[in-house]
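None of the figures in this text is laboratory data; all of them are computed from the coordinates on show. All of these numbers come straight from a predicted model, not from anything done at the bench. Cβ coordinates were reconstructed from backbone atoms using ideal geometry, including for glycine residues, and neighbour counts include every protein chain displayed.
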Amino acid sequence: MIRLGRKKNMMSLIIKPLCIVLLLAGQFSLIWLKSNVLTLEYKIGLLEKMKTEHIKERRLLLADKAGLQSLEKLEASSMENDGFVFPDRVRVIHIKRQRGPLPHKASLEKRQLAGPELW
Amino acid sequence: MNTIIIFSFFALFLRLTDLMILNHKLLSEKAKQQHIKVEDIQVRRGIIFDREGRQLALNLELESLYCEPENFHLDNENIRKLSFALSKEPEVILTKIPEEGKFVWIERKLEPDIAERIKDLNIKGLGFMNEAKRVYPKGKLASHIVGSVGVDNQALEGIELQFDRYLKTRGGKVFSERDAGGRTLSSGVNKEAKGNNIVLTIDEGLQGIVEKEIEKAMVKWRAAAASAIMMDPFTGEILALANMPSYDPNNTGKAKDFEKRNRAITDCYEPGSTFKIAVGIGALEENIATPHSLFDVSKGAIEVGRKTIHDVHRHGVLTFKEVIQKSSNVGAIMIGMKLGKERIYKYAKLLGVGEKTGVDLPGEVSGWIHPPERWSGTSIGAISIGQEVAVTPLQILRAYSAIANGGFLVRPHVVSEIISPEGQTLFSSIDNERKRILSSKTAEIFREILKSVVEGGTGEKASIEGDEVAGKTGTAQMIDPKTKRYSREKFVSSFIGFVPADKPRFALIVVVYEPKGQIYGGVVASPVFRDIANQALSYLNIPRRDVPYETTLLVAK
C-alpha cells in the first residue's frame with residue numbers, strides 16, 4: 001500500500017508540472033505564431049507601400065519616355081540638327097541567309113534544292 | 001484578506017460586464033474606427049495605344065494638396081510660402097481656404113517637384129492625397145481622336161468619351177487593419193483597379209506627318225481651318241485624322257471650343273467638284289455614257305432653270321473622261337441632266353451622302369441631300385457640281401475609297417482592339433461591313449479617269465514621283481451666314497485621292513477652309529496631298545513603282 005501511494009505521488013509530481021509546462025508552452029507558441037503573422041503583415045504592408053512608390057515612379061518614367069520618343073519631336077530635332085531626311089523609296093529585296101546544309105530527304109518526290117529565299 | 005480578494009474579483013467581474021455586455025456595441029464600433037482603415041480602391045483608366053503599341057494616353061500618380069482649416073494657422077507667412085511654392089497669388093489661395101471646416105482642396109494633381117517643395121515647408125494643417133492624372137505624352141498629336149478628360153478623370157471628348165465604359169472601371173473600398181501607431185497591416189487585396197486598354201488604328205508617324213503638313217498649309221494660305229483624313233480604303237481603318245486649329249488635351253481647360261471641333265466629322269461643307277463622282281459613276285453604271293462619250297461644252301455656260309452656270313475655263317468638245325479630268329461644270333451638268341434627278345439622288349445615297357458613316361467617334365453629323373421632290377428648277381445643275389448638298393470630309397473620303405477598293409463602301413473606324421488588363425482581347429474590329437455599291441468595272445474605269453485628273457488635269461500638283469495618284473480637286477463657295485448666299489470671298493479647297501492608284505495603300509482627303517490668295521483645290525489642297533503622300537509612302541516603306549533596277553537595294557537578313 002505504501003508503494004502504491006509513493007507511485008501515485010511520483011506520477012502527480014511529474015504529470016502536473018508537465019501539464020502546466022505544456023499549457024504554458026502551448027500558449028506561448030500561439031502568441032509567438034500570432035506575433036509572427038503580425039510581423040509578416042507589417043512587412044507585407046511596408047513592401048506594398050514600396051511597391052506603390054515604385055509603380056508611381058515607373059509610370060512617371062514611362063510617361064517621360066513616351067514623350068521623349070514622340071516621333072514628331074524626334075523628326076523635328078533629327079531633321080533640323082542632324083540633317084535626317086525621309087529615305088528614297090527604292091525597291092528593297094531582302095535575302096535570307098542560308099542556315100546550313102539541310103538534312104537529306106529520302107523521297108520519291110522531286111528533290112528541291114535549298115537556296116536563298118526571296119521575300 | 002479573503003474579503004479583499006473576493007471583492008477585487010467582484011469588481012473585476014462588474015467591469016468586464018460593463019465592457020463586454022453593457023457597452024459592447026459602442027466600444028466595438030469605436031475599436032473598429034480606430035483599428036480598421038477604409039481606403040478607396042484606386043481606379044485607373046485604361047491606356048490608349050496607337051496601332052504600333054505607342055502610348056497616346058496613360059495615367060500618372062500625382063499628389064493633390066488639401067487643407068484642414070481647423071488645424072491650419074492662417075497667417076501671412078504660411079500663405080506667402082504657399083503662394084511662392086504654387087506660383088499663385090496669395091489672394092487666390094486665401095479664397096480657397098475657409099475659416100472652418102475639416103477638408104478643402106487647395107490644388108489638385110501637383111507636379112512632383114512642386115509637391116516636394118510644399119512638403120519641405122512643413123506647414124501644419126496641409127496634407128497630400130494620391131490621385132490619378134490622365135496624361136497625353138504626345139501633346140497635341142491626335143487630340144481630336146484621343147480626346148480628353150476633366151480634372152476628376154471624367155471623359156469629355158473623343159475616344160475617351162466614346163469608349164468611356166470600357167476605359168473606366170468600378171472602384172470599391174478596401175478594409176485593412178492598423179495598429180496604435182497608425183501603421184497599416186496588409187489586407188492582401190489589390191488596391192488598384194484598371195480599365196480596359198484600347199488600341200487604335202491610328203499610326204503616330206502618319207498622324208504626325210498629316211498634322212505637320214496641314215498646319216503648314218494653314219499658315220501659308222492664312223486659312224481659317226484645315227482637315228485631313230488618311231484611311232485604308234479596303235478596311236476602313238483610319239490611319240490619321242487631323243484638324244487645325246488643334247489643342248493640347250493636357251490643358252483642356254485652356255482650349256477654346258473652336259479648337260476642339262473635330263471638323264473631319266462634325267462639320268459639313270459643300271463638296272463642289274469632288275461631288276462629280278456621283279454623276280460620273282451613275283452615268284457609267286446606267287450605261288448612259290462611256291469614257292469616250294462626247295459633250296459639247298464650247299459655250300462655256302449652261303442654263304439650268306433660271307440660273308446660268310459657267311465653266312472656270314472654256315473648253316471645246318470634251319469626252320466624258322475629260323469632263324472629269326478638267327472639272328467642267330457644264331459637262332457635269334449635261335451628264336447630270338441625262339442621268340435625271342432620281343438617279344443622281346440614288347447614286348448620291350449609295351455613296352453614303354446624307355447618312356452617318358458610323359465612325360466610332362462622338363459628334364458625327366450626317367450631312368444632307370434633299371430628296372428629288374424637294375429639288376427646285378436649278379437643283380439638278382447645282383447638285384451635279386456639288387452645291388446644294390452637304391457632306392463631311394469623312395463621308396466624301398469613304399465615297400472615293402469605293403473607287404479605290406473596287407466598288408465597296410467600307411465602315412471607317414479608329415478602334416482596332418479593346419484588351420482587358422489581363423491581356424484578353426474583348427473586341428477586335430473585323431470589317432464585315434462592306435457593301436458593294438458599284439461594279440468593279442465602273443470602279444476600274446473611274447479610277448483611270450481619276451488618274452488622268454492628276455496626270456493632265458486640275459490635280460497636277462498632287463502628282464508624286466514614282467507612283468501614280470488618282471484623285472479629284474474641289475473648289476466650293478461657302479454660304480455667308482449673314483446674307484445666306486454664296487460668299488465671293490470664302491471658299492473651301494479640297495483634294496481627295498489615293499495612291500498608288502492601282503493598288504492603293506491609303507486614301508487621303510485634304511480640306512482647307514477659307515484660304516486667302518488662292519482658292520482652287522488644285523493650287524491649295526493638291527500640293528498638301530502630294531507632300532503628305534510622299535512622306536507617308538516613305539514612312540511605310542512602299543517602294544516606287546517606276547524604279548529602274550540599278551537603284552534596287554539588296555539587303556541580307
Per-residue mean of C-beta atoms belonging to partner chains within 10 Å, peptide B:529-541 = 2
Exposure proxy order (Cβ contacts within 10 Å, fewest to most) of B:Met244, A:Met11, B:Met1, B:Met337 = B:Met1, A:Met11, B:Met337, B:Met244
Here, A:Ser29 and B:Lys191, labelled 7 Å along Cα→Cβ, have an inter-label distance in nm of 3.6
Given Cα pairs under 8 Å that are at least 6 residues apart, what percent is the relative contact order of segment B:292-387?
-> 28
Which distance in nm do the two modelled labels at B:Ala180 and B:Lys119 give, with both placed 7 Å along the Cα-to-Cβ direction?
-> 2.9
Averaged over residues of A:83-90, the number of beta carbons from other chains lying within 10 Å of each residue's Cβ is 6
Using the number of other C-beta atoms within 10 angstrom as an exposure proxy, rank B:His144, B:His310 with the fewest first.
-> B:His310, B:His144
What's the exposure ranking of B:Thr184, B:Thr425, going from fewest to most Cβ atoms within 10 Å?
-> B:Thr425, B:Thr184
Listed peptides B:416-423, B:283-290 by packing density, highest first (mean Cβ within 10 Å) | B:283-290, B:416-423
So for R0 = 35 Å, FRET eff. of B:Lys32-B:Phe103 from the Cβ-Cβ r, to 0.05, ends up at 0.95
Above-threshold pairs, the threshold being 23 Å between Cα atoms, out of A:Lys65/B:Lys173; B:Lys216/B:Lys260; B:Lys140/B:Lys254 = A:Lys65/B:Lys173
Segment B:390-531 - Rg and Dmax from Cα coordinates, angstrom | 17.9, 58
Loop trypsin sites (Lys or Arg not before Pro), segment B:275-347, which have at most 16 other Cβ atoms in a 10 Å radius of their Cβ (DSSP) = B:Lys299, B:Arg306, B:Arg314
How well do other chains shield peptide A:67-78, expressed as the mean number of their Cβ atoms within 10 Å of each residue Cβ?
-> 5
One would report the Cα pair-distance distribution of the protein assembly as shown, bin width 20 Å, in %, as 14, 35, 25, 15, 7, 3, 1, 0
Say a paramagnetic label sat at a point 7 Å from the Cα of B:Thr425, along Cα to Cβ; which residues of segment B:22-54 have their backbone N under 17 Å from it?
-> B:49-54
B:Glu355 versus B:Gln154: modelled label distance in nm, points set 7 Å from Cα along the beta carbon direction = 3.6
Determine which lysines satisfy two conditions relative to A:Lys43: a Cα distance under 21 Å, and not lying fewer than 8 residues away in the same chain.
-> A:Lys34, A:Lys51, A:Lys56, B:Lys37, B:Lys191
Quickly rank B:356-362, A:53-59 as a protection proxy: mean count of other C-beta atoms within 10 Å, highest first.
-> B:356-362, A:53-59
Compute the length gained on full extension between B:Leu22 and B:Ile5: take 0.36 nm times their separation in residues and subtract their Cα-Cα distance, giving the result in nm to one decimal.
-> 3.7 nm
Against the globular-protein guess of 2.2 N^0.38 Å, express the Cα radius of gyration of segment B:204-539 as a ratio, rounded to two decimals.
-> 0.96
Looking at segment B:88-127, which GluC sites (Glu not before Pro) are DSSP coil and have at most 14 other C-beta atoms within 10 Å of their C-beta?
-> B:Glu99, B:Glu100
Over segment B:61-133, what relative contact order in percent results from Cα pairs under 8 Å that are six or more residues apart?
-> 59
Scoring chain B by relative contact order with C-alpha pairs under 8 Å, at least six apart, yields a percentage of 14
Tell me the GluC sites (Glu not before Pro) within segment B:449-515 that lie in a loop according to DSSP and have at most 13 other beta-carbon atoms within 10 Å.
-> B:Glu465
